Structures are given as C-alpha cells and as structure tokens.
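Notes to accompany the following structure.
Bear in mind that the values in this text are calculations on the coordinates, not laboratory data. On a predicted model such as this, the values are computed, not experimentally measured, just so you know.
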Amino acid sequence: MLRRMGSRLLSRSSRSLDSGPTNVPLPRAIKLDEVDMRQPPARPNETLEESKRRLQYQSAYRGMAEMDYIMGTFAARYLSAMSKAETDEWELIVRQYDSELYKWILQDKEAEAPKDIREGSLWPKLKEHGKNAAEYR
C-alpha cells in the first residue's frame, strides 16, 4: 500500500515540476527600506467614526503593557472629541513603535519625538497624560 502511494506521489510531483511555462517572471521582491511601516496606509472609504473605532482598538492593544495603558486611556478620554485632522495626527502617533513612544514620553529627556509629531497639538497632551498615568498605575 505504501509503495503504491509513494510511487503515485512521486509521479505526481515529477509531473508538476515539468509542466508549465519556464519563462514566467517572478514578482519583484519588496525591499524593507522601500516601505515605511509606520506610515498609515490609505483608507479612502473609511468614515471618521470607523477610523476612531479602529484607532481606539489599536491604541489599547499595542503589545507593550505600559503603552497599552497609556495610549488606551488617552484614546478613551480624547478620541471621541477629535476632529479629522487630530485623528490623522493620532494615527501617526499610534503607528510609531512602542519602545520609541515609551522613551519619548516617559524615559529619556534627550530623546525627542520627530518634528512632525512633536509640533502637533496632541503631543503635549499625550506627554502629560503619560506622566500622570505612570504615577497612578
């Protein structure tokens, strides 16, 4: 029984390797330096309310427990009242790495957030919220 199945599998695999065109171009590999994962993807059909619900979830479930707490409570408090521009700004903040955000908000005084984040209207609120959340947790 096994001998018959083995020969059947062998014959199928050799047929599949030989069949088909050999000059099919392979897709171009995406280089990691070509893609910035921290830039938000375009979502043209998403309404403001859908965007806020998605950002609320992404803020609260990040991966690092400290940032889950800080970002989740900030989003719960302020996200519902944010305008479209503030929501876009919050999405840019949410897309940053947890370790960098933690360092920018709480730890290193020399580490500064990028200029586009630092000059936004939400950044001072988030820094204050993060410091208060760290004291009461």
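General remarks:
- Per-residue 3J(HN,Hα) values for the range 57-70, derived from phi via the Karplus relation 6.51 cos²θ - 1.76 cosθ + 1.60 with θ = phi - 60°, read 5, 5, 6, 8, 10, 9, x, 9, 4, 4, 6, 4, 5, 5 Hz in sequence order (x marks Gly and Pro).
- Difference of contour (0.36 nm per residue) and Cα-Cα distance, Glu119 to Asp68: 16.0 nm
- Across Lys52/Lys125; Lys84/Lys131; Lys103/Lys131, pairs whose alpha-carbon gap is larger than 22 Å: Lys84/Lys131
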